[in-house]
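One structure is given below, encoded as structure tokens.
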Amino acid sequence: MVEIRLGMKRLTIENWREPDPTITLMVGTGDAWARLFLTPQLATGVPDEVVKLFETARGAIVYGFQFYPLFTLGVEQVFRVMETAVIRKCEMLGLKPCRDNFDERIKTLHEQGHISEANAATLQAIRHLRNDASHPKEQMILTPAAASGLLRGIVDQINSLF
């Protein structure tokens, strides 16, 4: 029997390779879990640096099947990957925001007509999620459905930049 402590699987030498029972209750098999997060794909024009960061974050999400909190850490990292994508887009366009931060980069892309008002609002929401994840008061735990939706949305946003 897997011990649950502080709301998560307590890892041991004997159980670290086993699926996290919390996840199997929600999605069933490992293949169903992997399919949920491996289906969204970045476009071929996305810079390699962004792709590498994204695939690392996605790997943490998929391997979260063994340890549920790892899954959320992977999703939190995807928020940071979005920021890197925005930085690369600004660099490619030669844009210099007045302040060197995520908020100003989003505003500059929008003001210069490179992203729509709707995309700017979505990016601002992602920025807020990134801030919350980077300065946590407690461990964030997401459901697979919420995380899958976030991942798909971020993939769409990254693809729209490139």
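What to note about this one:
- Residue within segment 17-33 that is open to solvent by 60 Å² or more (accessible area, probe 1.4 Å), under 20 Å from Asn159 (Cβ atoms) and in a helix (DSSP H, G or I) present: no
- Selection count, segment 132-157, where residues are at pLDDT 95 or above and over 11 Å from the mean Cα position of the chain (by Cα): 2
- Among the residues making up segment 110-162, those that are in contact (Cβ under 8 Å) with a residue 12 or more places away in the chain, over 22 Å from Leu93 (Cα atoms) and either polar (S, T, N, Q) or in contact with a Gly (Cβ under 8 Å, 6 or more places away or on another chain) (or both) are Ser134, Gln139, Ile141, Thr143, Ser148.
- Members of segment 127-162 found to be open to solvent by 40 Å² or more (accessible area, probe 1.4 Å) and in contact with a Pro (Cβ under 6 Å, 6 or more places away or on another chain), listed by number: Arg152
- Residue match in segment 50-72 (condition: open to solvent by 30 Å² or more (accessible area, probe 1.4 Å), among the hydrophobic types (A, V, I, L, M, F, W, C), under 18 Å from Ser148 (Cα atoms) and over 15 Å from the mean Cα position of the chain (by Cα)): yes
- Here His114 fits the description: surrounded by 13 or more Cβ atoms within 10 Å (Cβ to Cβ), in a loop (DSSP other than H, G, I, E, B), modelled with pLDDT of 95 or more and not acidic (Asp, Glu).
- Residue, nearest to the chain's Cα centre (by Cα), within segment 83-110, restricted to residues that are acidic (Asp, Glu) and surrounded by 13 or more Cβ atoms within 10 Å (Cβ to Cβ): Glu83
- Output for segment 117-157, where each listed residue is over 29 Å from Gly28 (Cα atoms) and not in a helix (DSSP H, G or I): His135, Pro136, Lys137
Table: residues versus (1) under 29 Å from Met82 (Cα atoms); (2) in contact (Cβ under 8 Å) with a residue 12 or more places away in the chain; (3) among the small types (Gly, Ala, Ser); (4) touching a strand residue (DSSP E or B) at 6+ places or on another chain (Cβ under 7 Å).
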residue	(1), (2), (3), (4)
Leu11	no, yes, no, no
Glu14	no, no, no, no
Ile23	yes, yes, no, no
Glu49	yes, yes, no, no
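- Here Ser160 qualifies as over 30 Å from Met8 (Cβ atoms), of a type outside the set (Asp, Glu) and either touching a strand residue (DSSP E or B) at 6+ places or on another chain (Cβ under 6 Å) or in a helix (DSSP H, G or I) (or both).
- Only listed residue being in contact with an Asp or Glu (Cβ under 7 Å, 6 or more places away or on another chain) and aliphatic (A, V, I, L, M), chosen from Ala146, Ala133: Ala133
The values are calculated or read from the model by the stated rules, or taken from the named source; none is laboratory data. All values derive from a computational prediction rather than experimental measurement. Cβ coordinates were reconstructed from backbone atoms using ideal geometry, including for glycine residues, and neighbour counts include every protein chain displayed. Each accessible area value is taken on the protein alone, full model and side chains, heavy atoms only, with ligands, DNA and RNA left out. Shrake-Rupley method; radii C 1.70, N 1.55, O 1.52, S 1.80 Å.
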